[in-house]
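Visitor: Submitted below is the structure of interest, expressed as structure tokens.
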Amino acid sequence: MAHNHEISGAIPLPATIFLKIVMSVINTREPLETNCFGTNLPSPFPDNYLYNGKCEDMLNHCIETNLKFDLIFTSPPYNLGKQYGNYNDKNSLDQYLIWQTEVISLCEKVIKSTGSICWQVGNSMRDGHIEPLDIYLVPIFNKLGFILRNRIIWHYGHGLHCKHRFSGRYETILWFTKSETYKFNIDPVRIPSKYPGKRHFKGPKKGELSGNPNGKNPEDVWFIPNIKHNHVEKTKHPCQFPVALVQRMLLATTNIGDAIFDPFAGACTTMAAATQFQRRAYGSEINSDYCEIGKNRIQQGAMGKLSYRDHLLPIA
Ligand SMILES: C[S@@+](CC[C@H](N)C(=O)[O-])C[C@H]1O[C@@H](n2cnc3c(N)ncnc32)[C@H](O)[C@@H]1O
């Protein structure tokens, strides 16, 4: 288990939020150099890099140049037929899983022995029935030796209204570690306790606070708004995930300066969260329009000026 030097649970939560706002105002961090973005694969990689190209190529290049990551956090296409611009997102489930196996196997080669992988997925759909992708993906990770630490339910309030089944309002984050030795920093991600003033009513600790005064473990069901049109993080990417998902996982499983990779970067939410929280950001994305959007967000993060909805903000 590791410790880091974030604004942490040693400070009461309201003060933590206040400090974050003050720090973002007084922050004078520099943007990244222009060599951090491109359609080429440099050797060695700079400290941060967004590759406009296929993740398979970037992963092979990481293997060749021995670049390893502390955390891979991604959301692959869901095989739903989404219009991403230059990618066919509708194959048979078997073909999709063969492709995912190929990418996950490459990821296994570039994750540090103390590292984590988070695969964020929902359901694919076929002829009116659902194909919950996590059910199919877990055995692929297990076969490669990964250890499942949590299957986090990401619950949100908005989506399609279904007529012939219950409306879907969650997706999952599969959190795997490569080994039994891994980072898990609970203090930077504590959330307010339900009963903060509750005290032991008997026994040797009678009268003392029974919970941690710095907040509680966020548990494995996360209620975080999804990105709809009025969300502060909305870009023209059709299926971004919110920064808060990455923020919570990144603060818990990495330290400042650690390297984070998103093979399916999209609008670069993972990379922008990484630079915002002073981690090194790597990613690949085949669509050049999304790379342009992502580049701006990564730069905002590098300067500590990313627009995002913090994971601690209460739901209205
Ligand atoms: C579900 S989206 C990721 C969205 C991202 N999490 C965000 O918040 O913006 C998946 C992305 O993978 C990209 N993609 C598909 N195949 C790819 C490949 N082989 N290599 C790199 N990117 C790919 C798509 O263009 C799409 O933007």
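Read the figures in this text as sums done on the coordinates, not as results from a lab. Everything numeric in this text was worked out from a predicted model, so none of it was measured. Counting neighbours? That spans all protein chains shown, and the Cβs are built from the backbone with ideal geometry, glycine included.
Visitor: Just from its helices, what would the mean residue ellipticity at 222 nm be for the chain, if runs of 4 or more DSSP H residues each count -39500 (n - 2.57) and the sum is divided by every residue, rounded to the nearest 500 deg cm²/dmol?
Guide: About -9000 deg cm²/dmol.
Visitor: Shifting gears a bit: So if each residue of separation counts as 0.36 nm, and I subtract the Cα-Cα distance between Arg29 and His229, what length gain in nm does that give? Kindly include the intermediate steps, with their values, before the conclusion.
Guide: Working: separation 200, 0.36 × 200 = 72.00 nm, distance 2.95 nm.
Fully extending the segment from Arg29 to His229 adds 69.0 nm.
Visitor: Between Phe37 and residues 5 or more places away or on another chain, which pairs have amide H atoms under 5 Å apart, with H built 1.01 Å from N, and which residues are they?
Guide: The list, which skips near neighbours in sequence, is Leu50.
Visitor: From Cα pairs below 8 angstrom and at least 6 apart in sequence, can you work out the relative contact order of the chain, rounded to a whole percent?
Guide: Here the relative contact order equals 23 percent.
Visitor: Would you kindly state how much longer the chain becomes between Lys202 and Leu313 on full extension, computed as 0.36 nm times their sequence separation minus their alpha carbon distance, in nm to one decimal?
Guide: My answer for the length gained is 36.5 nm.
Visitor: Still on this structure, please answer the following. Could you give the dipole magnitude of the chain about its Cα centre, charging the beta-carbon of Lys and Arg +1 and that of Asp and Glu -1, in debye to the nearest 20?
Guide: With Lys and Arg at +1 and Asp and Glu at -1, about 1420 debye.
Visitor: Still on this model: What is the calculated FRET efficiency for Glu64 to Lys236, with r their C-beta to C-beta distance and R₀ = 22 Å, to the nearest 0.05? Walk me through the intermediate numbers first.
Guide: Working: r = 34 Å, r/R0 = 1.54.
E between Glu64 and Lys236, to the nearest 0.05, is 0.05.
Visitor: To continue, here is another question. Can you tell me the 0 to 90 degree angle between the C-alpha axis of helix 93-110 and the longest principal axis of the chain, rounded to 10?
Guide: Once rounded, the angle reads 70 degrees.
Visitor: At 0.36 nm per residue, and after removing the present C-alpha to C-alpha distance, how many nm does the segment from Val138 to His164 gain when stretched out fully?
Guide: 6.6 nm is the gain from fully extending Val138 to His164.
Visitor: Can you compute 3J(HN,Hα) from phi for each residue in the stretch 221-226, using the Karplus curve 6.51 cos²θ - 1.76 cosθ + 1.60 with θ = phi - 60°, rounded to whole Hz and x for Gly and Pro?
Guide: Going residue by residue, I get 10, 10, 8, 9, x, 7 Hz, with x marking Gly and Pro.
Visitor: Additional query: Report the local net charge at Ser193: Lys and Arg +1, Asp and Glu -1, summed over other residues whose C-beta lies under 15 Å from its C-beta.
Guide: The answer is +2.
Visitor: Shifting gears a bit: Please give the FRET efficiency for Arg126 paired with Ser43, using the beta carbon to beta carbon distance and R0 = 51 Å, rounded to the nearest 0.05.
Guide: The calculated FRET efficiency here is 0.75.
Visitor: Could you tell me the calculated FRET efficiency between Asn91 and Ser288, based on Cβ-Cβ distance and R0 = 30 angstrom, to the nearest 0.05?
Guide: 0.85
Visitor: Counting other Cβ atoms within 10 Å, keep those with at most 15, restrict to DSSP loop, and tell me which trypsin sites (Lys or Arg not before Pro) in the stretch 157-190 are left. Before the final figure, lay out the partial values.
Guide: Details: sites: Lys163, Arg165, Arg169, Lys178, Lys183, Arg190; in loops: Lys163, Arg165, Arg169, Lys178, Lys183, Arg190.
Passing both the DSSP loop test and the Cβ count: Lys163, Arg165, Arg169.
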